[in-house]
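In what follows, a single structure is set out as structure tokens and then discussed.
The values are calculated or read from the model by the stated rules, or taken from the named source; none is laboratory data. Treat the numbers as computed from the prediction; the structure is a model and nothing was measured. Don't worry about glycine lacking a Cβ; one is built from the backbone with ideal geometry, like all the others, and counts go over all protein chains shown.
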Amino acid sequence: MTAKWKEVSAYTGIPVEEDAPTNFGGQGSGVSMPPDAMMKKKKKPIIDARTTAYRSHKAKLEAKRVKRMEQKKSKFIENVKESINDFNRESFLAEDNIDVLRNIVKRKSAKPLKFKDGTMEVDMQTANVMIKVLDKVNPDNKAKLTKMVNGTKGQFMKVHQLVMKMIK
């Protein structure tokens, strides 16, 4: 004698009717009905750069990239870029190198000095010596030295050599 079992809900005690077989994973789940069925894996096509299909695909991608870049560009952005390039900020930010030398001595650290032909890092000892000499020189020579310190790197190096000679 074999017993027949009925599935009963644990909450209500009412028999449960099965909608689908137990191995059903849902619509579109990719689970086949027989439990021992094996799905075949799809192979990705190998893209070979020598084929015409690849070349046409590459051309499409490049065309889309160009289109995206054109959409990103706007007249507002272009106008802002042009106005930034036209705006000469260096002339407004020009510092007197004598003030920078004093700041180097005050902070006890090296800083770059801006010249017409680039920048140069100046240490605290050099700045200290130059400031002491500039403070002790007469006003005419002080004006000349200040002009040279704010000039080019070569002029600054000449002033540096002159100051070192004065100290020794």
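Gly26 meets all of the listed conditions (1) part of a helix (DSSP H, G or I); (2) modelled with pLDDT under 75 but one, namely (1). Picking from residues in the range 108-129 that are closer than 17 Å to Glu95 by Cα and outside any strand (DSSP E or B), the one that is modelled with the highest pLDDT is Ala127. For the range 48-60, the criterion of a residue being loosely packed, with under 10 Cβ neighbours inside 10 Å, among the small types (Gly, Ala, Ser), under 30 Å from Lys116 (Cβ atoms) and modelled with pLDDT of 65 or more is satisfied by no position. The numbered conditions (1) modelled with pLDDT of 85 or more; (2) surrounded by 10 or more Cβ atoms within 10 Å (Cβ to Cβ); (3) farther than 30 Å from Lys147 by Cβ are all true for Glu82 except (1).
Within the range 88-107, track down each residue that is exposed (fewer than 10 other Cβ atoms within 10 Å of the Cβ) and either outside any helix (DSSP H, G or I) or at pLDDT below 80 (or both).
From the range 88-107, those exposed (fewer than 10 other Cβ atoms within 10 Å of the Cβ) are 88-93, 99; that's our starting set.
Hits for the range 88-107 are Asn88, Arg89, Glu90, Ser91, Phe92, Leu93.
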